[in-house]
Amino acid sequence: MAEKDLLFEMREIEKVFAHVHALDHVNFNVRRGEVHALLGENGAGKSTLIKILTGVYPKDGGQIFMDGKEVEISSRESAAALGIACIFQELSLVPTLSVYQNVMLGKEIAKFGIVNAKQERKQIQDLIDHYGFPVGANDIVETLSVAQMQMVEILKALATDAKLIIMDEPTASLSSRESELLYKIIHQLRERDVSIIYISHRLEEVFNLSDRITILRDGKNAGLVEKEHIVPSEIIKMMIGKEVSEATASRELKTSDAEPVLTVKHLTRLGAYNDVSFEVKRGEVVVLTGLVGSGRTEIVRTVYGADPYDSGEILIEGKPYQPKISRSVATGFGLIPEDRRTQGFSPLLSVTGNVAVTNYDKLSKSGFVNKANENTLGHEAVRLVDLRPPNPDVQVGNLSGGNQQKAVLGKWLTRDLKIMLIDEPTVGIDIGAKDEIYEIIERLSADGVAVLMVSSDIAEVLRVAHRILVMRGGKITKEFNNGVATQEDILMASSGFAAEEGKEADA
Amino acid sequence: MRQETLRRFISFGLLVLLVIIFSVTTDSFLNWGNINTLLRECSVTGILAIGVTMAIITGGNDLSCGHLMGTVCMLFSFLYYYTGMSLLMILALTLLLALMGGLLNGFSVAVLQIPDFIATLSSQFIFAGLTYIFAIRNEYGSITQAQINNPTITALGGQIGKNGPYFVTIAFFVMAAIAQFFLKKTKRGTYIYAMGANRKSAEYSGVSFVKTKITAFVISGFCAFVAAMFTLGRLHTAEVATGQTLALQAISATVIGGAAFTGGRGDMVGTTIGVLFMQVLRNGMRKYGFTTQVVAVVSGIVIVLVLVFDAYYNEFMQKRIKRAAAAAREKKAVSANG
């Protein structure tokens, strides 16, 4: 391909965070009117690359070219001035304003400060009609569906004459019909010479949409594949980085005939998950995996009593259970929530203070707290999770990520647990601490606690699970006993790409 | 129907309901004399509520507007009593004070990044202190009052003809209409909504947080100036306590009118309904013979009820929107598969 076809090029990009090479001499380029997918597992460097290209992070090395000229992208504004627009995962629209007001925000057509609403509306409606988007210029954004909001985001990009649009997981919260519409729009944009950088965990759609795919792994280029040469299994190997990944040593549950502690039957919550059934036995670690937005977290939250459900049944040790947080805690539930910073601990309280919060039923007598017992409990928690520094008086907010999570675990380990619910326990935690957290989970399981965990990290899933339930679009689509599944199996199942069909789809 | 349109109907419906109840159950409510008085009573609060509405839509608040109005009244009386300045000069200086007051709030919120609540609470103290500094004192140093009998100012307390509406009422409605136009039809007005509903998005689109906040607070300062002039026109004097309870009344009226403390929601039509609602409630209850104290208690309860209703209503509407979307998707999925 001739050089002049290149719209955008990043050469030898480097980014270092606290001595870690997040990007190590990464090369990436986009041609005019092409859909270029960026693939890689979590932590491979995709979002760092995007943040450099949208001016959120400065680069530590390398060069960026636009239309063959070297450019500096130092801020969001300078990225926008170059014609780079980003459709964000978390939408950035003004909910109470109309579609045209959102699109024209900051660039109103106005005389003496009075907006020419008629002309703005017409201009935006023309743009909408041109692409056939199913929204009206006058619609108020908060009344739109997520898919429609995304279209407003795209309209915003188009209204600024963007030449390069970045779409980061655009279909994560769309239905299949809505996704189809988005694909159509992407094709239209491509025909009009707009280039698109496409990021998605859904491999099937990536393979169908992309003209080229750049694969990143551990902050390095792991491959660049043209459309004609897409072989799904090859690309997955590039992402994972092993020639053939082996199924890890089987983690068989010795007490496989143990009685179920948690049974979920036909549980449904509209818009989140649909007709979900599974059980978790004494001492068993069951992991719900799949893409973000597939309904995993919502199930865990429902079982704990934090979210409502529409129909179905939950049984604890065979008896019907009405989830309610206070009842769950009294029954012997523990919860490591998805976002430890906002839901897991109080940063200003000490470790002891945080541990005490879940244990006041034991610590207080007629409303008075026994400080000595509280301190004993704090020390016990520190010992149980091997906290570093081993000081129960330190504020949890001042601990490292891994030790913060251990403190959250400590809140529950001091109790007699029946069921531990764990949601993405190791996000943003360094490898050493990860292992310690896995060991704690294994110890819980050995003690007979039923563990229901949510995780997107496939290596982690294979490490701790006895059984793996893969979710997709609110349903459990596949179940693996650990020891059977490989990384590829799980990746394929969660992206809706059955392993055996992979090669045929390509043909 | 749009969430806000429905909410508007509800608050307007409540106002109409209240008017009907009082008209039917008392003899003295529904006559022009009473209505005209009622409108006059609420107009100063209404004018202040215009500024408060701006501040609340940006996601903030203005607790200081009543105190600022009091300070402006007092400065007027100070200049009038102690200096021989012309009316024009006094008006210019008091207007300057009012705008500077608004600018001070805007500066602390936008540039110093102090939360609106704290910033305007502190400026309350500043304005209250200034009021005492400007207060007229007798030869022993005690605070006394000066009569203001400038004909232009006293005329502001009057009305059209013998029985026509009061000038203050007309000013309130005209200013509310202009404010509504500003909010809905101008660039700066749109920015006020955008900033309150999603600050990040507004800033990414090139809308300045500093300018938007300062605009809202300077408008509030201007409203305090106008409110002060009409207050002087009616009372012919300034007291140190003038206006000190008005900010809270203006805020409650704004909230009853459907503006949300979280920002991005509300407008002048809603606020005007809120102002009228509170005044009709107060006026009608007095017709029943309740004492001022009881009326105050009931007003407080009504505000709480409206806020509770708002919270439930918003949650309900959000859920309804989500459920409708989810149901539509299920339907689509079924029809696509089947």
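Have a look at the DSSP beta bridges in chain A and tell me what percent are antiparallel, nearest 5.
55
Between the helical axis of A:176-191 and the longest alpha-carbon principal axis of chain A there is an angle of about 30 degrees.
Its relative contact order, with pairs defined as Cα atoms under 8 Å and 6+ residues apart, puts chain A at 15 percent. Ellipticity at 222 nm from helices only: DSSP H runs of n ≥ 4 in chain A, each -39500 (n - 2.57), divided by the residue count, give -10000 deg cm²/dmol. With the charge dipole of chain A set up from +1 on Lys and Arg Cβ and -1 on Asp and Glu Cβ about the Cα centre, the Cα lying farthest toward the positive end among the listed residues A:Ser294, A:Ser350, A:His25 is that of A:Ser350.
Any idea what angle helix B:268-287 forms with the longest principal axis of chain B, computed on alpha-carbon atoms, 0 to 90 degrees, nearest 10? Once rounded, one gets 70 degrees. Overall, the stretch A:3-240 carries a charge dipole of about 360 debye about its Cα centre when +1 sits on the Cβ of Lys and Arg and -1 on the Cβ of Asp and Glu, all other atoms neutral. Taking a straight line from the alpha carbon of A:Lys281, these lysines sit under 22 Å away, with near neighbours fewer than eight places off in the same chain left out: A:Lys254, A:Lys265, A:Lys319, A:Lys324, A:Lys418, A:Lys475, A:Lys478. Counting only Cβ charges, +1 for Lys and Arg and -1 for Asp and Glu, the dipole size of the protein assembly as shown around its Cα centre is about 3160 debye.
Loop-located trypsin sites (Lys or Arg not before Pro) in the stretch A:150-198 (DSSP state other than H, G, I, E, B) with a sparse environment of at most 11 neighbouring Cβ atoms within 10 Å: A:Arg192. Among the residues of A:103-113, the average count of other protein chain beta-carbon atoms within 10 Å of the residue beta-carbon is 5. Across peptide B:198-204, the average count of Cβ atoms from other chains found within 10 Å of a residue's Cβ is 6. A dipole drawn for chain B from +1 and -1 charges on Cβ atoms has a positive end, and of B:Ser205, B:Leu183, B:Ser299 the residue lying farthest that way is B:Ser205.
From the alpha carbon centroid of the stretch A:269-341 to that of the stretch B:136-153 is 71 Å. Can you give me the angle between helix B:3-25 and the longest principal axis of chain B, using Cα atoms only, in degrees from 0 to 90, rounded to the nearest 10? With both axes taken from Cα atoms, the answer is about 60 degrees. Taken over the stretch A:346-415, the convex hull of the Cα atoms encloses 69 Å³ per residue.
For the stretch A:1-94, the list of GluC sites (Glu not before Pro) that fall in a loop by DSSP and count at most 16 other C-beta atoms within 10 angstrom reads A:Glu72, A:Glu90.
Readers should treat all values here as calculations from the given coordinates under stated rules, not as data from a laboratory. Predicted model, so just to flag it, every value in this text is computed and none were measured. All Cβ positions, even for glycine, are placed from backbone atoms using ideal geometry, and neighbour counts span all protein chains on display.
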